[in-house]
Amino acid sequence: MSKLVKDAEQQLRSSVISAVSKAIAAGDLPAMPLCEFNIEVPADRTNGDFSANAAMASARSFKLAPRKIAEAIYNNIFLGDTYFERCEVAGPGFLNFFLSDEYYANILKDIRSLGDDYGKSNFGKGKRVMIEFVSANPTGPMHMGNARGGALGDCLASVMDYAGFDVSREFYINDAGNQIDKFALSLDVRYLQHFLGEDAVELPEDSYHGEDITTRANEFAEIYGDKFVNADESERRKALVDFALPKNIENMQSTMLKYRIEYDKWFNESLLHNNGELAETLELMKERGLTYESDGALWYKSTEHGGEKDEVLVRANGNPTYFAADIAYHRNKLSVRGFDKSIDIWGADHHGHVSRMKGVLDAIGIDGSRLDVVLMQLVRLTRGGEVVRMSKRTGKAITLVDLLEEIPIDAARFIFNMREAGSQMEFDLDLAVEQSSQNPVYYCQYAHARICSIVKKLKAGGIEPRECSIEELKLLNTPEERELILHLSSLTDEIISAAKNYDPAKITRYVIELATLFHKFYNACRVSVEDEPLMQARLYLCICVRDTIKNVLSMLKITAPESM
RNA sequence: GCGCCCGUAGCUCAGCAGGAUAGAGCGUUCGCCUCCUAAGCGAAAGGCCACGCGUUCGAAUCGCGUCGGGCGUGCCA
């Protein structure tokens, strides 16, 4: 496990350093300080399990050829109390180290004893982190961007949880402001059209044209009839919104649940309007001299805080902008509720907003670096190689609901996490439903099912898995077994790296690689063999792999079937 | 115009706190089940890592520039 890997690396580093001291004492090297050097895992394992570039890094300082320095280190190195059994000088001056059987055997012991906790660490030290994602407008159906954002945000949250952060998942509901007015207007027009005919009232170009609006208006009409047709416009619109908005929000909640996303909190923007926090935030900004009035609107002096141009906070008509509410919201997260960090998942088209937001937080006295934004590129949907167009306006776009009806949740969650957020991705609908090797989620699940099947088969033959001794586990020494064990050992580091980079795609890649290495092992080594200790050792390894696959998949909330 | 992201095999993408012969999947070609799940494995073919210059022992990785693509630049969110 990772602790072991770290130990191994640390052991190596100090061995190299003391070898240099010894070499200097013996006169093999000049008495110069050793430069900083790296220890890394070579891409090609014939170059060892770990490799140090100390000789090359210090070539200049020692004024000696790297190769000569490497040999001096080699001649003075002592590996007796490490997990390494040997070392060699290679290439331009690399020192390559090879792990002992002992090491491999111990990794497996550790994995088994940690059980479900394997992979977890205290990297995050319990820091309170909020991950805000999807936060779709409740005025219409959720789209493909929300689909990717949902899988990304939720899996990132799990990864950070494993890495030792205190994680909270949140959905920000934009249930106030401009788009709600637009929503009201759109519903209003559809409602009136329902009774007066389509030509009676015209739907403005910049309102919501989706069928979902018509559907809601018709539902409303069925319940309340035409009694609002001649009512006061604002009364009618309020009634329509009060009817339609909760329905939309409920739909989003049930869709998210179907997508296996459970939020800790659904936060209403309207709360900030109603509880005074928005006004308070604006007041605070005024006090700090961050604002001015012009053309009847209240402006934020963005240009004085790293922004490209000033921004409107309160429109001339008295309505606060989305930006103003968002400032109050982030102040609520970081200051009122005291999260150490807010990680927001945004569509890449909002990137212009990032520096603005961080800048304004700094300006109101909240360290802007406590906000991190993960920008997510758009998804290109394809079907059989053909790009499937999606246009929210026409109402014919493929929605998140459509997607989840068409493809398995496992596949959606997995595939959306195969690419890092920043890269544009293609999502092949045909591939996602395909139950074949081409579909990576099945490939991983298949490895799990295969192991379950082996265990079951052995059990049927009267063979129960048992505890193995270190000596027995040392029998796992084929290249395929070694590679597999080594990869198992890197899980914790991989999760930490994914948390650090806000990139859960590292974990899907990890599990694909694990499945690949297992399938290779499966083809190279038979578990059910005559040699009882070897069979038990292999069975032990299989169970480690099975549990790790299951552990990782369940972290991503993807199922691990026992048979396929 | 200015700002951000991106350019790696035919296609989709890894690799990018600089390291040894640049990887994987798909597609193509050829192999492997009397044996634990062939939803698997192996092999072959496929590359001026967009281009140029620089930094250094060493660059796909870092810097500058060019070209090509995406996005942003609303009293929209």
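The values are calculated or read from the model by the stated rules, or taken from the named source; none is laboratory data. Since this is a predicted model, take the numbers as computed values, not measurements. Cβ: placed from backbone, ideal geometry, glycine included. Neighbour counts: every protein chain shown. Surface accessibility is based on the protein's heavy atoms, side chains included, excluding ligands, DNA and RNA. Shrake-Rupley method; radii C 1.70, N 1.55, O 1.52, S 1.80 Å.
Sparsely packed loop sites in the range A:127-232 (the GluC sites (Glu not before Pro) outside DSSP H, G, I, E and B with at most 11 other Cβ atoms within 10 Å) comprise A:202, A:205.
One chain, two ends: residue A:88 and residue A:367. Fully extended at 0.36 nm per residue, the span grows by 95.5 nm beyond their Cα-Cα distance.
Loop-located GluC sites (Glu not before Pro) in the range A:5-59 (DSSP state other than H, G, I, E, B) with a sparse environment of at most 11 neighbouring Cβ atoms within 10 Å: A:36.
Output the Kirkwood hydrodynamic radius of the range A:14-91, Cα pairs only, in Å rounded to one decimal.
For the range A:14-91, the Kirkwood estimate is 12.7 Å.
Of the GluC sites (Glu not before Pro) in the range A:424-495, the ones in a loop by DSSP (not H, G, I, E or B) with at most 14 other beta carbons within 10 Å are A:434, A:467.
Axis angle, to the nearest 10 degrees, between helix A:532-555 and the longest C-alpha principal axis of chain A: 20 degrees.
Counting only DSSP H runs of at least 4 residues, each contributing -39500 (n - 2.57), and dividing by the residue count of chain A, the helix-based mean residue ellipticity at 222 nm comes to -16000 deg cm²/dmol.
Each pair of Cα atoms in the range A:245-288 enters the Kirkwood radius, and Stokes-Einstein at 10 °C and 1.306 mPa s then converts it into a translational diffusion coefficient of 126 µm²/s. Residues of the range A:138-165 with an amide N closer than 19 Å to a point placed 7 Å from the Cα of residue A:262 along the Cα-to-Cβ direction: A:150-165. Using the Cβ-Cβ distance between residue A:75 and residue A:127 with R0 set to 41 Å, the FRET efficiency works out to roughly 0.30. Using 0.36 nm per residue and subtracting the Cα-Cα separation, the extra length available between residue A:562 and residue A:65 on full extension is 173.3 nm. The label point for residue A:247 and the one for residue A:286, both projected 7 Å from the Cα toward the Cβ, are 4.0 nm apart. Rounded to the nearest 0.05, the FRET efficiency derived from the C-beta distance between residue A:464 and residue A:501 at R0 = 45 Å is 0.60.
Note on residue A:456 and residue A:195: the model spin-label points, each 7 Å out from Cα along the C-beta direction, lie 6.2 nm apart. Where does the charge balance sit around residue A:506 when Lys and Arg score +1, Asp and Glu -1, over other residues with C-beta under 14 Å from its C-beta? Net local charge, residue A:506 excluded: -2. Here residue A:265 is the anchor, and the lysines within straight C-alpha reach of less than 21 Å, apart from those fewer than 8 places off in the same chain, are A:127, A:247, A:333, A:341, A:557. Distance between the modelled labels on residue A:319 and residue A:433, one decimal in nanometres: 4.0 nm (7 Å Cα→Cβ projection).
With a cut-off of 15 Å between beta carbons, the residues surrounding residue A:266 carry a summed charge of -3, where Lys and Arg count +1 and Asp and Glu -1. Rolling a 1.4 Å probe over the protein heavy atoms of the range A:1-120, with every protein chain left in place, gives an accessible area that is 50 percent carbon and sulfur.
The portion of the accessible surface of the range A:194-244 made up by carbon and sulfur, rounded to a whole percent, is 44 (1.4 Å probe; DNA, RNA and ligands excluded). Across the range A:124-175, the convex hull enclosing all Cα atoms gives 50 Å³ per residue.
Ellipsoid semi-axes for the range A:1-133, based on the Cα gyration tensor and the rule √(5λ), read 33, 18, 13 Å when sorted largest first.
Per residue, the Cα convex hull of the range A:524-564 amounts to 80 Å³.
Counting pairs of Cα atoms in chain A, how many percent are more than 29 Å apart? Intermediate values should be presented prior to the final figure.
Details: 103313 of 158766 pairs.
Here the long-distance tail beyond 29 Å is 65 percent of all Cα pairs in chain A.
Evaluating kT/(6 pi eta Rh) at 4 °C and 1.567 mPa s, with the Kirkwood radius of the range A:427-503 over Cα pairs in the Stokes-Einstein relation, gives 81 µm² s⁻¹.
Could you work out how far helix A:178-196 tilts from the main Cα principal axis of chain A, as a 0 to 90 degree angle to the nearest 10? With rounding to tens, the tilt is 50 degrees. Excluding ligands, DNA and RNA, the accessible surface per residue across the range A:71-200 is 35 Å² with a 1.4 Å probe.
Over the range A:253-318, all Cα pairs binned in 5 Å intervals from 0 give whole-percent P(r) values of 4, 15, 16, 18, 13, 9, 8, 10, 6, 1, listed from short to long. Note on the range A:167-241: semi-axes of the ellipsoid equivalent to its C-alpha gyration tensor, largest first and rounded to whole Å, are 25, 14, 12. Relative contact order, whole percent, for chain A stands at 15, derived from Cα pairs under 8 Å and 6 or more residues apart.
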